[in-house]
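> Starting off with a structure, shown below.
The values are calculated or read from the model by the stated rules, or taken from the named source; none is laboratory data. The model shown is predicted, which means the values in this text are computed figures rather than measured ones. Cβ atoms come from the backbone with ideal geometry, glycine included; neighbour counts cover every protein chain shown. Keep in mind that these areas ignore ligands, DNA and RNA; they rest on the heavy atoms of the full protein, side chains included. Shrake-Rupley method; radii C 1.70, N 1.55, O 1.52, S 1.80 Å.
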Amino acid sequence: MEDGNLKICTVCASNNNRSMESHKQLRDAGYDVKSFGTGSAVRLPGPSIDKPNVYEFGTPYENIYQDLMSQECRKMYESNGLIHMIDRNRHIKRAPEKWHSNSYAGKFDLVITCEERCFDSVLEDLMTRLCIKTKDNEVKQIVHIINVDIKDDNENAVIGGKGILKLVNMIHEFHNKSKNDRINKSYEDESSIILEDQMIRILAEWQKEHTHLPTLYSVAYY
Amino acid sequence: MASVSTNAIIEQLNQARNLAFSSKEAFPQVLRQVFQFVNNPDQKIQEWCAVFLRESFMTDESKISSSDKVDLAIDALDGLIVLANIEDTHILKNCIDTALVVFKLVFRYVAENDGCTQVWLKLNELKNSLTSKFQSTFPLPPSDTDEHDQFRNLDIKIELIKFIVLVIDYQSRTPNSSSFSLSHVNSNHSLIKQSIEAEAFGLLDVLLKVLTSDVMVTPLVTALLNHLSVIAKRKPQFITKIVAVVEQYSTETKLQSNYETVEQYKMSKKYVDRCLKVLINFMLKNQLVPSNYTNALNKKINLLVSRGEDIRKKNVLASSPEDSNIRKRKFEGFVNSSKKIKTNDYKSLYCLTEPDNELNNFDLSTLPQNILVSMTLSALNKASNNKLNKALDIIRDRCKYTLENFTPADTRVKKENDGADDEDDDDYYDYRTETEFTLPPPTELSFQEKKNHINVIIKNFFRLAEKDVSSYDEKQDLNGASSVSKELTKIAIKSWKNSSWFVILTRLASRGMRQIDTSKPLLKDDDTAESKDVVENEGISNLIRQAIFDYFLDDVHARVDFIIEWLNEEWYSEKVFNEDRIYEELKEKYLEEYEKKPLSTENIESKVQEELETHDIPTPIYNMWTGKVLDAIIPFLEPGDRKIFIRLLSDLPYLNKDLVSRIKSLLYDPGRSKIGFLSLQFLIMYRPPVKGACLEILGELSQSDQEDLKDEAIKLLKKYE
């Protein structure tokens with residue numbers, strides 16, 4: 001983040017609804033964004049609550065789309081927005097990705113989870129990664145993990161996505177302003193341009209406008 | 001802006017970098033060349049080096065071979081020690097990351113190569129330099145309070161946690177693990193002693209202070225909780241310590257900091273609770289927790305989960321009855337600790353309270369001095385040394401800021417404009433205690449210039465004579481009592497009257513210009529010329545006297561009172577002055593005698609007084625001007641001027657034979673001889689000292705060939721002899 005743009009990823013359970021909605025919004029706003037799921041598998045609504053559609057992470061959205069379209073309850077999936085969602089997703093990226101095996105995706109400055117469970121999962125996974133014997137040349141970097149709690153339905157995913165975009169914009173603006181202020185030395189206390197020093201203030205400022213989106217936050221190493 | 005040479009050097013360095021990344025063989029050589037640039041005084045070049053070092057050590061085998069990297073790591077130590085102390089966040093961050101790689105490589109090298117003392121010492125120097133920065137605000141300057149500093153410079157502190165955890169990991173044993181630790185060091189190693197684990201334990205204490213602080217610095221606390229997982233996992237010897245602190249940790253007991261809002265505090269509580277829960281969960285899941293703590297930690301988890309669930313359902317920012325339990329940390333800082341001032345005045349220089357506070361407008365100078373003194377003393381007594389120092393530091397920084405932000409050129413322009421309004425500001429910017437300002441000595445006036453000036457002064461005095469100032473009198477009488485101090489009323493002129501100018505002018509002539517001529521004693525006949533100063537001053541006095549004299553001549557009849565006043569002043573001042581001179585000369589004479597014969601002389605003072613009485617005090621100036629006055633008035637006297645002339649003679653303070661003799665010309669004038677005889681008669685009767693002189697004149701006249709004179713003189717002689 002020092003020299004380049006923010007590298008962001010969004011995380012929900014199945015990498016289909018909430019993380020993908022915000023993935024789209026952030027991507028459309030021009031951010032460098034990826035998305036993941038922390039669940040053990042991709043779980044989508046099925047014909048009934050006890051019969052969900054379960055796919056392996058990595059199954060292309062296209063395949064999921066075709067599979068759902070071929071099912072008897074296709075009409076139901078169309079009416080509850082499931083088809084629409086998968087259709088959107090297949091135009092964003094190839095397949096849902098699992099957080100725990102995302103080392104290929106590089107590192108992020110900002111990880112935004114959409115559910116407290118996912119937040120815990122990300123933190124726990126990063127702790128585990130910290131404890132693994134690493135190569136000599138590997139250096140951990142700082143990552144900000146923010147949870148924005150979003151209910152898992154279409155409408156809330158959109159609202160939540162907007163909230164996340166706003167938050168990312170605020171952090172991005174702070175980052176850019178700090179960069180300029182550092183060059184021009186136009187600060188009284190350098191602390192005022194350090195993101196880590198100002199993060200809680202930014203979150204509180206955002207939270208005031210988004211009281212319906214409860215947050216969690218942690219600095220982690222990655 | 002970077003200078004041309006800086007840009008040129010960076011351009012060269014970039015070329016070297018490209019070479020390094022394109023050739024595995026050239027990389028070590030390029031890197032060693034770059035080490036030399038670390039000491040370049042230009043911070044831009046140092047920054048380039050820091051970035052390149054990080055980049056280089058983070059490369060894999062494809063760029064630098066493992067063996068080369070170890071050698072390079074050893075060679076990099078000096079450069080890293082330099083970079084670690086440069087006050088720049090970006091350089092320090094890159095330096096920490098590089099140190100993370102270098103520390104591992106060099107520590108293992110030392111472990112395998114016992115005896116390389118120099119390398120070990122350097123590694124320790126780098127380690128101590130970095131670990132010691134965790135509890136400071138480096139590279140930021142400290143603020144006015146420790147509390148504020150806990151919340152500042154978090155990015156570097158979070159980076160440093162990585163390095164400190166690595167040091168703890170390497171400097172303590174890890175049982176049953178393939179990853180390197182103190183367990184892998186030969187127990188007889190001469191440099192890396194097994195006791196080094198104590199240092200690791202100490203560093204863990206330093207880290208855990210983040211959790212035992214009375215406030216929550218959320219980014220730092222959460223970062224530490226996450227990184228503690230490594231120590232918890234690898235170091236069973238430290239687990240009890242960690243678990244004890246974690247179990248004790250309660251966001252409920254933390255105070256709200258003065259540097260966070262209630263909202264931030266409430267959000268922080270929620271955040272820290274959650275991260276604490278994740279760490280405890282991690283430890284329990286991985287069976288790291290000693291059995292005696294398992295129950296306590298399980299309880300803690302349940303508490304944290306239910307508290308989390310509770311708050312999740314509510315709006316965390318909404319006020320709740322529990323808000324009243326929030327206690328704020330005691331404020332030890334200054335509300336206005338800004339090191340820059342917005343307006344350039346003393347008020348904002350010294351203001352440490354809220355700038356908008358109404359109290360700042362209270363003018364303390366209206367209080368009596370004794371109250372101010374006791375207030376100041378008790379305030380200074382109450383203030384702690386530390387706080388007073390911090391306050392002075394802030395004010396010093398503000399001064400520095402102001403001085404740095406006003407170029408000398410600006411100040412100079414201001415000086416030239418030197419308006420009354422700018423005066424204070426100028427003093428403020430320009431003030432240097434070592435500068436002394438002196439006025440140039442006034443150029444000495446020549447005698448001619450002095451004469452010119454005194455002529456102007458005289459003219460002004462006579463202009464005053466023409467003015468009717470009686471109207472001013474009333475005003476001054478009304479205001480006089482209150483506005484003029486009592487000291488002033490003791491002098492000759494209490495309020496300005498029509499005649500006041502004359503008093504001042506005559507005194508200027510008589511006393512104002514008089515100077516003792518030490519070179520010419522009065523008591524000795526001495527032909528030496530008077531000193532130049534005395535002559536010149538007398539010349540100026542005579543200018544005034546001549547002016548007064550001329551003024552008199554303009555209207556002899558009306559201005560005789562002025563003449564009497566002037567000549568009285570002349571005589572009195574001259575007599576007192578000369579009497580004093582004779583007294584001093586006599587005293588000196590007797591003192592000399594006393595020195596020669598101490599026993600023969602008794603009371604010097606009485607002897608001086610005795611002899612002083614025997615001396616006539618000369619008044620040559622008075623005599624000369626009185627003569628001139630008499631010579632001037634006598635020719636113009638008319639028969640009716642009897643009263644005026646007698647009045648003059650009676651009021652003149654001193655007469656002698658010479659002066660009296662000037663009356664003779666009157667006596668010889670048939671028309672006015674009556675006035676002459678009356679004058680002589682008057683003097684004989686009322687001025688005994690000149691009675692002899694008068695009788696002499698009468699005697700002379702009695703021998704005269706003018707019959708009428710002769711008769712009158714004989715008649716008077718008979719009467720008074």
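> Using a 10 Å cut-off on Cβ to Cβ distances, tally the other chain neighbours for every residue of A:204-212 and report the average as a whole number.
Average neighbour count from other chains, rounded to a whole number: 3.
> Right, here's the next one. Give me a single rounded figure for B:97-109: the average over its residues of other chain Cβ atoms within 10 Å of their Cβ.
2
> Along Cα→Cβ, 7 Å out, is where each label goes; now give me the distance between the ones at A:D28 and A:K151 in nm to one decimal.
So the label points at A:D28 and A:K151 sit 2.2 nm apart.
> Under the classification rounded if a/c is under 1.5, otherwise prolate if a/b is larger than b/c and oblate if not, where does region B:47-114 fall, given a ≥ b ≥ c as square roots of the Cα gyration tensor eigenvalues?
oblate
> As a test of the definition: with a 1.4 Å probe, what buried accessible area, both sides summed, do you compute for B against A, in Å² to the nearest 100?
4500 Å²
> May I ask you to find the residues of region A:110-132 that are shielded by at least 30 Å² of accessible area once the whole protein assembly is considered instead of their isolated chain (probe 1.4 Å)?
Going by heavy-atom accessible area, the residues of region A:110-132 that drop by at least 30 Å² are A:E116, A:D120, A:L123, A:E124, A:M127, A:L130, A:C131.
> Hey, could you pull the Cα Rg and Dmax for the protein assembly as shown, both in Å?
Radius of gyration, then largest Cα-Cα span, for the protein assembly as shown: 52.7, 177 Å.
> How well do other chains shield peptide B:268-275, expressed as the mean number of their Cβ atoms within 10 Å of each residue Cβ?
Per-residue shielding by partner chains comes out at 5.
> While we're looking at this one, here's another question. Going by a ≥ b ≥ c, the root eigenvalues of the Cα gyration tensor, does chain A fall in the rounded group (a/c under 1.5), the prolate group (a/b larger than b/c) or the oblate group?
prolate
> If you don't mind, another one. Read phi for every residue in region B:581-595 and hand back ³J(HN,Hα) as whole Hz from Karplus 6.51 cos²θ - 1.76 cosθ + 1.60, θ = phi - 60°, with x for Gly and Pro.
Ordered by residue, 3J(HN,Hα) equals 5, 5, 4, 5, 5, 5, 4, 5, 4, 5, 5, 4, 4, 4, 5 Hz.
> Near the amide H of B:K328, under 5 Å away, which other amide H atoms are found, from residues 5 or more places off or on another chain, if H is placed in the peptide plane?
B:Q256
> Quick one: pull the percent of accessible area on region B:637-721 belonging to carbon and sulfur, 1.4 Å probe, ligands and nucleic acids left out.
Answer for region B:637-721 is 51 percent, counting heavy atoms of protein chains only.
> Still on this structure, please answer the following. Cross-link list B:K254/B:K339; A:K133/B:K104; A:K34/A:K166; A:K177/B:K339; A:K7/B:K157; B:K104/B:K127: which exceed 19 angstrom alpha carbon to alpha carbon?
Going by Cα-Cα distance, B:K254/B:K339; A:K177/B:K339; A:K7/B:K157 fall outside the 19 Å limit.
> Moving on to the next point. For A:N89, what charge total do you get from the other residues with a beta carbon under 13 Å from its beta carbon, if Lys and Arg give +1 and Asp and Glu give -1?
Residues near A:N89 contribute +3 overall.
> Any cysteines in chain A with zero other Cys Cβ atoms under 4.7 Å from their Cβ? List them, or say none.
Within chain A, the cysteines lacking a partner Cβ under 4.7 Å are A:C9, A:C73, A:C118, A:C131.
> Give the long-range amide H neighbours of A:K7: residues separated by 5 or more places, or on another chain, with amide H under 5 Å away, using H modelled in the peptide plane at 1.01 Å from N.
A:D109, A:L110
> Given only helices, namely DSSP H runs of n ≥ 4 each adding -39500 (n - 2.57), what is the per-residue ellipticity at 222 nm of chain B, to the nearest 500 deg cm²/dmol?
The helix-only estimate for chain B comes to -21000 deg cm²/dmol at 222 nm.
> Sticking with this one: Averaged per residue, what accessible area in Å² does chain B show with a 1.4 Å probe, protein chains only?
Per-residue accessible area for chain B comes out at 54 Å².
> Moving on to the next point. Excluding B:I161 itself, calculate the net charge of residues whose Cβ lies under 15 Å from the Cβ of B:I161, where each Lys or Arg counts +1 and each Asp or Glu counts -1.
+1
> Another one. When you count, for each residue, the other Cβ atoms within 10 Å and take the mean per peptide, how do A:191-199, B:702-710, B:572-580 rank with the highest first?
Peptide ranking by packing, descending: A:191-199, B:572-580, B:702-710.
> Please tell me the relative contact order of region B:57-135 in percent, rounded to the nearest whole number, where contacts are Cα pairs under 8 Å and at least six residues apart.
36 percent
> Lysine pairs, Cα distance under 16 Å, 8 or more residues apart or cross-chain: how many in region B:541-683?
10
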